[in-house]
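Notes to accompany the following structure.
The values are calculated or read from the model by the stated rules, or taken from the named source; none is laboratory data. Computed from a prediction, not measured in an experiment: that's the story for all the values here. A quick note on method: Cβ atoms are made from the backbone with ideal geometry, for glycine too, and the neighbour counts reach across all protein chains shown. The area values use the complete protein model at the heavy-atom level, side chains included, leaving out ligands, DNA and RNA. Shrake-Rupley method; radii C 1.70, N 1.55, O 1.52, S 1.80 Å.
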Amino acid sequence: YGSTDYDSKLRDCLASVYGKKKLIIALDAINQLNNANDSKLLNWLPLNAPNVQFILSTTPEDESYRRLSSMSAPEIFIEPLDTDTQKTIIHDYLSVFGKQDGLTAEQVDFVIRHKIAQSPLVLRTFLDELIIWGDYDRLSERLTYYFSSESVEVFFESVVHRYEEDFGYEFVMDCLST
């Protein structure tokens, strides 16, 4: 598909909900869009669609942020999680699943020493991965697996790799490319 095909499909989709129920569309990390066809200017995104609200995330240094600022879009800045907040999230989230003792104090410290764990999305994703991980004898090995890099991209590649191990490469690729 060319970009105009996607523009048309998005507009058709949104037109089908006009005048009906409210729709909220969240697009995370629009700063990671390829800027082909000036996509970061967001002209393809019908931000004034009736009964449709968009929640977008980007970074302040990106063209998409400058475009949104020029449109006077409301802003909420998300700061990295501090150590105390990270510890509280780890404990409270694991407690919901009866796994509050799943990590030792040393393992919690290992996680929060990594800058990427300051991201709410990374920390929550890691905790979800931890909850389904059943081999607590090899937990320290798994922590190293997820936090082997200070790159958010490498972290999520590790998560996708785990999906591939559990469900097979073909299945994961089909799901991610649909």
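Which residues, taken from the stretch 1-19, are of a type outside the set (Gly, Ala, Ser), part of a helix (DSSP H, G or I) and modelled with pLDDT under 70?
Across the stretch 1-19, the qualifying residues are Thr4, Asp5, Tyr6, Asp7.
If you check every pair at least six apart or on different chains, which have Cβ atoms under 6 Å apart with a residue in the stretch 161-178 that is under 21 Å from Tyr146 (Cβ atoms) first and a residue that is at pLDDT 90 or above and open to solvent by less than 80 Å² (accessible area, probe 1.4 Å) second?
Once the first residue is under 21 Å from Tyr146 (Cβ atoms) and sits in the stretch 161-178, its partners that are at pLDDT 90 or above and open to solvent by less than 80 Å² (accessible area, probe 1.4 Å) give Val172/Glu164.
Test Ile25 against the stated conditions and say whether it is of a type outside the set (S, T, N, Q) and either assigned to a loop (DSSP other than H, G, I, E, B) or at pLDDT 90 or above (or both).
No, not satisfied.
Would you kindly identify the helices (runs of 4 or more DSSP H) lying entirely within the stretch 47-130 that contain at least 2 residues that are hydrophobic (A, V, I, L, M, F, W, C) and either farther than 30 Å from Leu33 by Cβ or in contact with an Asp or Glu (Cβ under 9 Å, 6 or more places away or on another chain) (or both)? I'd like the intermediate steps shown before the answer.
Values: elements: 63-70, 83-96, 105-112.
Counting at least 2 such residues, we get 83-96, 105-112.
Among the residues of the stretch 66-89, how many are open to solvent by 50 Å² or more (accessible area, probe 1.4 Å), over 29 Å from Asp101 (Cα atoms) and among the hydroxyl-bearing types (Ser, Thr, Tyr)?
2
Glu150 passes all but one of (1) open to solvent by 50 Å² or more (accessible area, probe 1.4 Å); (2) part of a helix (DSSP H, G or I); which number fails?
(2)
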